[in-house]
Amino acid sequence: MGLYTSITRSWLEARFRKRSEHGVYLAHMPIYGAAASDSEHNHIGRLARALRILRQLDALDYETLLDVGGAEGYLPHLARTIHGAEVVTTDLSHQACLRANELFGLRSAAVDCHRLPFGDDAFDVVVCSEVIEHVEHPVETMLELQRVARVAVILTTEEVHYDRRWIDDYLFRRPGWPHMERNLFHPDDLRTCFPNARLEPQCDERPPEATDAEAVRDWLRAHTRATELASGRIGVVVTDVRDATRARARRHDDDTLLARLLATTVVKGTTAPNPAALDELLPLLRDPDARTPLWVVDDKLVSPDGQHHPIRDGVPDFVQLARPAPSRVELADFLRRACPDRAAAMLALRDRLYLPDRWPNDHFDLRDAEQRRGFWPNEQLRPRAAGPGSGFAWQAIGPDPWVVTPCLQRPLRAVEIEMRVHAPDNPATKGTGQVFWKGPNDDTFVEQHSVKFDVPNDGQVHTFRVGLSDHPLLPDEVQWLRLDLIDGECELDFLSLRLV
């Protein structure tokens, strides 16, 4: 797999281990209820998505369900509780799979979502919610979801936009941060990948920061009814019914589904009374490449041709980080079976969403527009009119403007920053810049992992060499830099960055 998948998996493993100061698991999904405090999220948007998905499931005759990227298994638990389905959950994170078994007693496996360890048409329904925007190989993943689904695929993402130019600008700036929304879609991109699907919004406005249970119920009832995509509405639910004979009249009305959704919670600190055993999942598993059955030998799964996959704490782990990433040639070869127009559109989508693992540049000459790709400024750096060849021309409008570099993943001893700072209403005394780094063991940028340098406010171009090698906490490899080029409001021209 690519470097991004490896870094994201490490980030997710830490995320799904997290506990509060009282030892309670910090839930990703609303497993403790909409207003629970032991969580890192406002869950109203997640509940809106779950309600939309439950409505689609309610109108299908289905018995089995796979959740791809299921986190701690909340959605398949809902499908099992409300519809009596036999469910399996998967995630890139092994820890997420452990939580799914621990909390809900779910069969689970750690997987690469673009190479699922299941046979063709293995499940009636495959759900993939708020995953496709994060993955390294989104087109291949969407095709894989369709391969293993007999009756329907239900996919959701909030990362849908209606302005192609805005999308292109976003894709140009993204630095490939772990688990970031690295993929952004136009609705037509999703129609290309799911030609016969129905597309609906998740909700018709941004969810509020409500905590009162009754207010949450009222908001969900009022704001999840829109059926047409439109600018200003939030996200998309893609429902691709592959077997129309399995469509049926809904079994529950909206109020019943909403009541069941909000009532399906876990008591903090409890575990499932009946954890799933591996032998319950084994009949469904196949080698991701050969699609042959697997059997257990000691602490691994083995295929007839000798491929093996480890079993860790009872959970099969099919994630192969050392495996080469799928190539464009492989996708083009697979798409020969599709109609030519669709194949061309899917390859073009892959090309637009492609993001290199790491940038090989030692020198970023930011006067060249293409070399600005992957630099992500925060909201305190606003573009300023400037002539061609001027590099990044910004107006810093707050006390803490910064820009993140593309992924570097290399040893660093120093950086050289060429820039100009000018705030004509302020004295030409020295300001302060700061270089932060993130290494493989860091969740984010922290003050302890940084070096400061003086910056004069004189309107002249200067090159600043900032040494890093003497810092005791500098890692062997730096993944990203965050450059706090100045600590206040000013005109700022960022001309080049050299890595030493």
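The values are calculated or read from the model by the stated rules, or taken from the named source; none is laboratory data. Just so we're clear, the structure is a prediction, and the values are computed from it rather than from any experiment. For neighbour counting, all protein chains shown are included, and Cβ atoms are generated from backbone atoms with ideal geometry for every residue, glycine included. Please note that ligands, DNA and RNA were not included when accessible areas were found on the heavy atoms of the full protein model with its side chains. Shrake-Rupley method; radii C 1.70, N 1.55, O 1.52, S 1.80 Å.
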May I ask you to give the percent of accessible area on segment 101-166 that is carbon plus sulfur, with a probe radius of 1.4 Å? 45
Segment 76-135: chymotrypsin sites (Phe, Trp or Tyr not before Pro) in DSSP coil with no more than 10 other Cβ atoms inside 10 Å: none
With a cap of 15 neighbouring Cβ atoms within 10 Å, and only residues DSSP puts in a loop, list the trypsin sites (Lys or Arg not before Pro) found in segment 395-464. ARG413
Segment 351-478 - percent of accessible surface contributed by carbon and sulfur, probe 1.4 Å: 48
Cβ-derived FRET efficiency at R0 35 Å, GLU228 paired with GLU86, nearest 0.05: 0.55
Want the number for ALA290 to ARG250: 0.36 nm per residue separation, take away the alpha-carbon distance, what's left? 10.6 nm
With every protein chain left in place, what is the accessible area per residue of segment 171-298 in square angstrom, probe 1.4 Å? 51
For segment 182-197, 3J(HN,Hα) per residue [Karplus equation, 6.51 cos²θ - 1.76 cosθ + 1.60, θ = phi - 60°, Hz, x = Gly/Pro]: 7, 10, 10, 10, 8, x, 5, 5, 6, 5, 4, 6, 10, x, 9, 7
Counting DSSP beta bridges with both ends in segment 103-253, the antiparallel % (nearest 5): 60
When the scattering of the chain is computed by the Debye formula from its Cα atoms alone, each counted once and equally, what is log10 I(q)/I(0) at q = 0.05, 0.11 Å⁻¹? -0.22, -1.01
Enumerate the amide H contacts of SER496 below 5 Å, restricted to partners 5 or more residues apart or on another chain; note that Pro and chain-start residues carry no placed amide H. LEU366, GLU418
Take every DSSP beta bridge with both residues inside the chain and express the antiparallel ones as a percent of the total, to the nearest 5. 75
Could you sort TYR162, TYR170 by accessible area so the largest value comes first, with the probe set to 1.4 Å? TYR162, TYR170
Check: segment 376-461 dipole with +1 on Lys, Arg Cβ and -1 on Asp, Glu Cβ, in debye: 200
Run through the DSSP bridge list for segment 1-112 and note the antiparallel percent, rounded to the nearest 5. 10
Residue-by-residue Karplus 3J(HN,Hα) for segment 347-364, coefficients 6.51, -1.76, 1.60, Hz, glycine and proline x: 5, 5, 5, 4, 4, 5, 8, 4, 9, x, 4, 8, 8, x, 4, 8, 9, 9
Whole-Hz Karplus ³J(HN,Hα) for segment 89-105, in order, using 6.51 cos²θ - 1.76 cosθ + 1.60 and θ = phi - 60°, x for Gly and Pro? 10, 9, 7, 4, 8, 5, 5, 4, 5, 5, 5, 4, 6, 5, 7, 10, x
Additional length obtainable on full extension of the chain from ARG367 to PHE334, 0.36 nm per residue less Cα span: 7.9 nm
Pairing the Cα long axis of helix 164-173 with the longest principal axis of the chain, what angle in degrees results, from 0 to 90 and rounded to the nearest 10? 70
May I ask for the longest run of the chain untouched by GluC sites (Glu not before Pro) that are loop-located per DSSP and have at most 11 neighbouring C-beta atoms (other than their own) within 10 Å? 41-208
Hey, what angle do you get for helix 213-223 against the long axis of the chain, alpha-carbon based, 0 to 90 degrees rounded to 10? 90
Loop sites in segment 165-204: trypsin sites (Lys or Arg not before Pro), DSSP, at most 13 other Cβ within 10 Å: none
If unit charges are put on Cβ atoms (+1 for Lys and Arg, -1 for Asp and Glu) and the dipole of segment 1-149 is taken about its Cα centre, the option from PHE118, HIS134, LEU47 lying farthest towards the positive end turns out to be LEU47
Förster radius 35 Å - calculated FRET efficiency between ARG413 and LEU26 (Cβ-Cβ, nearest 0.05): 0.40
Angle between the Cα long axis of helix 44-58 and the longest principal axis of the chain, 0 to 90 degrees, nearest 10? 30
Report, in deg cm²/dmol and to the nearest 500, the calculated mean residue ellipticity at 222 nm for the chain, where each DSSP H run with n ≥ 4 adds -39500 (n - 2.57) and the sum is divided by the residue count. -7500 deg cm²/dmol
Round to a whole number: what % of the accessible area of segment 264-313 belongs to carbon and sulfur, probe 1.4 Å? 53
Exceeding the 22 Å Cα-Cα cut-off - candidates LYS430/LYS452; LYS18/LYS268; LYS268/LYS438: LYS268/LYS438
Scan around VAL237 for amide H atoms under 5 Å from its own, H built in the peptide plane at 1.01 Å from N, and keep only partners 5 or more places away or cross-chain. GLU200, GLN202
What accessible area per residue, rounded to a whole number of Å², is obtained for segment 24-170 using a probe radius of 1.4 Å? 23
